[in-house]
1. Quick one: in segment 41-55, of everything that is surrounded by fewer than 13 Cβ atoms within 10 Å (Cβ to Cβ) and modelled with pLDDT of 95 or more, which residue is nearest to the chain's Cα centre (by Cα)?
2. Surrounded by 12 or more Cβ atoms within 10 Å (Cβ to Cβ), in a loop (DSSP other than H, G, I, E, B) and modelled with pLDDT under 95: which single residue out of 15, 5, 11, 32 fits that description?
C-alpha cells in the first residue's frame, strides 16, 4: 500500500501576491449589493464599493473593540483584504481616468489662429 507524500507547503486562505481582485462572489458575501451593482466597474461604481467597504470594515472593527457577540475575525480579515484590493483598483482606475481627461496642448499651426 502506497502512502501519499506530505505536502511541503501549507495552503493559505489569502490570495497570492499580485492576484486580481476578489471575485464578485466574495464581495457579495461582504456587502449588501445586487450583482448588477457589484458588476459596475465605472469610476463612480468603484468609489461606491470602496465607500461601502470602508463603512463595513469600520462597523466590524467597532464590534471587535466592543466585544460584540457578532464579531467575526474571518469577516474582518476578508473585509480588510477586499478593501485593500478595491482601493488599489480605484487608484489605478482614477489615474487612468485622469490621464484620459487631460487634453494635449495645441501646437502651433493646429488651429486657433483665427482667434487672434
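1. Per the stated criteria, the residue is 51.
2. That would be 15, the only listed residue that is surrounded by 12 or more Cβ atoms within 10 Å (Cβ to Cβ), in a loop (DSSP other than H, G, I, E, B) and modelled with pLDDT under 95.
Every residue, every condition in (1) modelled with pLDDT under 60; (2) assigned to a helix (DSSP H, G or I); (3) out of contact with any strand residue (DSSP E or B) (no Cβ under 7 Å at 6 or more places or on another chain), yes or no:
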| position | (1), (2), (3) |
| --- | --- |
| 77 | no, yes, yes |
| 84 | no, yes, yes |
| 88 | no, yes, yes |
| 93 | no, yes, yes |
| 97 | no, yes, yes |
| 104 | no, no, yes |
| 107 | yes, no, yes |
| 114 | yes, yes, yes |
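The values are calculated or read from the model by the stated rules, or taken from the named source; none is laboratory data. Computed from a predicted model, the values in this text were never measured in an experiment. A quick note on method: Cβ atoms are made from the backbone with ideal geometry, for glycine too, and the neighbour counts reach across all protein chains shown.
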